Amino acid sequence: MRVIGLGNRMRGDDGVGLRLVEALAARGLDGVEAVLHEGADALTLAEDLVGHDLPSVVVDCATLGDSSEQAWVAEEELRLRGLEGSVSAHGLGFGTALGVARGLGFSSPLRFFLVAPHSLDGDALSPRLEARLPSLVDRLEFRVRGFASHRGGGGHGA
Amino acid sequence: MGAGKSFNIKIDHVTRVEGHGSIRVNTRDGKVEEVKLAIVEANRFFENFVRGMLPHDVPQTVSRICGICCVGHQLAATKAVEDAQGIEPSAQTVLLRKALNESQFLQSHALHVFFLAVPDFVGAKSVLPLVKTHPDVVRKALALKKLANDYTAVFGGRTLHPMSNTLKGWRKLPDLREVEKVRDRLRQSLPEILSTVAVVKSLKLPAYERETEYVSLRHPDEYALYDGEVYSSDLKSGVPVSEYRGVTNEFTVAHSTTKWSRWHRDSYMVGALARVNNSFDQLHPEARSVAAELGLKVPCFNPYLNTVAQLVEMVHCTHNSIAMLERILGDGLTPEDIGYVPKAGRGFGATEVPRGILFHEYAFGADGRCTDANAIIPTSQNINNVEQDMKAFVPQMLPSMSQDELALHMEMLLRAYDPCISCSVHMLDVEFV
C-alpha cells in the first residue's frame with residue numbers, strides 16, 4: 001500500500017502532510033511505500049492514483065469544519081463532509097480529481113488522514129503542530145497498520 | 001429580435017476558472033440593459049512588499065503571485081531585474097529559460113483545454129462525464145500534464161515556484177540524464193497530443209465573432225513566447241517592452257477590483273488566440289496543420305476558439321521543446337558565475353505566459369534595494385475585452401437562447417479566455433494626503 005503526503009512547506013501547517021509521511025517512512029513499515037507530492041495540484045494526485053492502483057492513505061492538512069484537530073476519513077465521508085472542495089487546482093476541485101481517478105480505473109480503497117491547521121504562515125509548522133508531530137505520527141502509523149490489515153475504519157478523532 | 005425576453009442572470013461564482021468572477025446580464029423585453037463581468041478578488045500587494053528587497057530576491061518572491069503562472073512571473077521579473085541591473089544573460093541561460101517557459105505552456109494548456117474548457121463543448125458541467133465517454137482522452141491529458149510538471153521540475157528544480165533560475169543563470173543546472181528522459185517522453189507524447197485533435201474537432205464551438213485588437217510579443221526569428229517586441233494587430237508593428245504602460249493604459253472601473261486595459265481600441269485581447277493571429281507563420285508546420293484541421297484560420301475573431309489555439313500551441317511547444325532539449329544535450333551545460341553587485345536602475349521585462357503577455361517593471365535605489373514595482377498580468381488585460389465580447393454577443397444570442405443557455409454561454413466565454421483571476425488583481429495607486 002501507499003501513504004501519500006500532500007502539502008506545501010512554504011505555507012506553515014500546510015506542510016504537515018509531508019512531514020508526517022517523511023516521519024512514517026523513517027519507521028520503515030513493511031509493505032508501505034511513502035510518496036510525497038509537494039506543491040502538487042489535485043490532478044497530480046489523480047494521475048498518481050491511476051498509475052499505482054494500490055490501497056492508499058492520503059495525508060494532508062485540511063480545515064475540518066468542526067473543532068476536530070485530526071480526522072481519519074473514508075472517501076465517501078470526505079464527500080459528505082464537504083471536505084473535497086477545499087483543494088483547488090486552477091478551478092478543478094479535489095473531489096473532481098478523485099472522480100477522474102476512479103473513472104480511469106483506480107479501484108483500490110482510499111483513506112484520508114487529515115490534520116487541521118493552526119497557522120498557514122511561514123515556512124515551518126506552527127509550534128503547536130510541531131509539538132504534536134510525534135503523537136500524530138504514532139496515530140498515522142496506527143491507522144496505516146489497521147488499514148493494511150483490515151482495510152476498514154472511518155470516523156474522526158484518533 | 002429577442003422580443004419579450006426579460007432575463008436576470010446573476011452568476012456569482014463562475015466555475016472552472018482560477019479565482020472569483022461574477023457575471024450579470026439583465027434584459028428587459030428583449031432589450032439588453034446591463035452586461036457586467038465583476039471581479040471581486042482582493043488586491044495582492046506584491047508590488048508593495050517587494051520594496052526593500054535585493055534584486056535576486058524579487059523574482060523568487062513574485063513567482064508566488066500565482067501557483068499556476070509561477071514560472072511566467074519568475075521569468076518576467078528576472079528579465080526586468082536583469083534589465084535594471086545591466087545584466088545580460090548568456091545564450092545558455094536564455095535557452096534554459098525558454099525551455100522552462102514552454103514547460104508551463106504545456107502544463108497549463110493541457111489543464112485548461114481538457115479539464116476546464118472541453119467539458120463546456122460537450123454539454124458537461126465537469127470533466128467527469130468525459131471520463132466515461134472519452135476515457136482515453138482524459139488519460140492522455142493527465143499524462144501530458146504530468147510530463148509537463150516533470151519537465152518544469154527538471155529545469156526549474158521543482159514544479160511549483162521553481163528555484164533553479166536566478167539572475168545571470170542557474171543555481172543548479174538540470175541533470176542531463178533527466179533532460180534526455182524528458183526529451184524522449186516529449187517525443188512519445190506527440191502522437192498522443194495529435195490523437196486528441198479528432199476529439200476537439202468533433203466539438204461544437206459557439207460561432208460568434210467580434211474583431212478586436214490582438215496584442216502579443218513578436219520576434220523576427222521565432223514564434224515569440226519568451227522575447228520580442230509588443231506587437232499590435234492594428235499597428236502591424238511592435239513597440240519596445242519598456243513602453244508597456246503606453247500599451248496597457250490601465251484604468252479602473254467601479255465593478256472590478258482588477259484594472260482594465262485598452263490600447264488602440266476600447267479593449268484588446270492577449271493569449272493563445274492573439275499569439276496565433278499575430279505570429280501564425282512562425283508556428284511549427286505541424287501546429288499549422290493542426291490549426292487547419294481544426295478550422296482555425298487567421299485572423300480569427302471568435303474568442304471561443306482560444307481553446308483551439310491552445311491545442312495548436314501545445315503541438316508547437318512540444319516540437320520546439322524537443323528541438324531545444326536536443327540542443328542542450330548536444331552542447332552540454334556549463335556552470336556559470338551568478339555573482340553580481342546590486343546597483344541602482346530601472347528595468348522592464350515581458351514574457352508570454354499561457355494566458356497572454358505579462359509585464360514586470362522594477363526600480364532599485366542606490367543601495368541596490370527595490371524601490372518600486374509594477375506587474376500587469378494578462379488576465380487583467382483581457383477582462384475588459386471579455387466584457388466587450390459579452391456586450392456584443394448577448395444581443396445576438398438573445399433571440400435564440402433561454403436564460404440558462406445564455407448564462408452558460410457567458411460562462412463558457414469567460415472560461416475560453418482561461419483567466420487567472422487571482423493573479424490579475426493589481427494594486428491600486430494610493431496617495432495619502
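Coordinate-derived values only; no laboratory data. From a predicted model like this one, the values you see are computed outputs, not experimental measurements. Glycine also receives a Cβ, built like all others from the backbone with ideal geometry; neighbour counts cover every protein chain displayed.
The local environment of residue B:263, defined by Cβ-Cβ distances under 12 Å, has a net charge of -2 under the rule Lys, Arg +1 and Asp, Glu -1. Partner aspartates and glutamates whose Cα lies under 14 Å from the Cα of residue B:259, excluding those fewer than 8 positions away in the same chain, are identified as B:41, B:250, B:387, B:429. Only beta bridges with both residues in chain A are counted; by DSSP, about 35 percent of them are antiparallel.
Using a simple charge model, +1 on the beta-carbon of Lys and Arg, -1 on the beta-carbon of Asp and Glu, nothing else, what dipole does the range B:299-363 show about its Cα centre, in debye to the nearest 20? The calculation lands at about 240 debye.
I need the calculated FRET efficiency for the pair residue B:219 and residue B:6, taking r as the beta carbon distance and R₀ as 60 Å, to the nearest 0.05. All intermediate terms of the calculation are to be shown ahead of the outcome.
Working: r = 50 Å, r/R0 = 0.84.
After rounding to 0.05, the efficiency reads 0.75.
With a Förster radius of 41 Å applied to the beta-carbon distance between residue B:245 and residue A:142, the computed FRET efficiency rounds to 0.10. Ordered by the count of other Cβ atoms within 10 Å of each Cβ, fewest first, B:371, B:379 give B:371, B:379.
Here r is the Cβ-Cβ distance between residue B:171 and residue A:33 and R0 is 30 Å; the resulting FRET efficiency, rounded to 0.05, is 0.50.
Each Lys or Arg adds one and each Asp or Glu takes one away; over the other residues whose Cβ falls under 15 Å from the Cβ of residue B:52, this sums to -2.
Step through the table entries B:145/B:181; B:79/B:145; B:98/B:172; B:31/B:297, compare each Cα-Cα distance with 25 Å, and write down the pairs that go over it. Could you put the intermediate results ahead of the total?
On the way: B:145/B:181 16 Å; B:79/B:145 27 Å; B:98/B:172 16 Å; B:31/B:297 33 Å.
Checking Cα-Cα distances, B:79/B:145; B:31/B:297 exceed 25 Å.
Partner chain Cβ atoms within 10 Å, averaged over the residues of A:42-49 - can you pull that number for me?
Taking all residues of A:42-49 together, the mean is 4.
Charge tally around residue B:148: other residues with Cβ under 13 Å, Lys/Arg +1 each, Asp/Glu -1 each, net -2. Every pair of different Cα atoms in the range B:231-374 enters the Kirkwood calculation, which places the hydrodynamic radius at 18.3 Å. Fewest-first ordering of B:361, A:22, B:82 by other beta carbons within 10 Å of each residue's beta carbon gives A:22, B:82, B:361. Among the residues of B:405-415, the average count of other protein chain beta-carbon atoms within 10 Å of the residue beta-carbon is 0.
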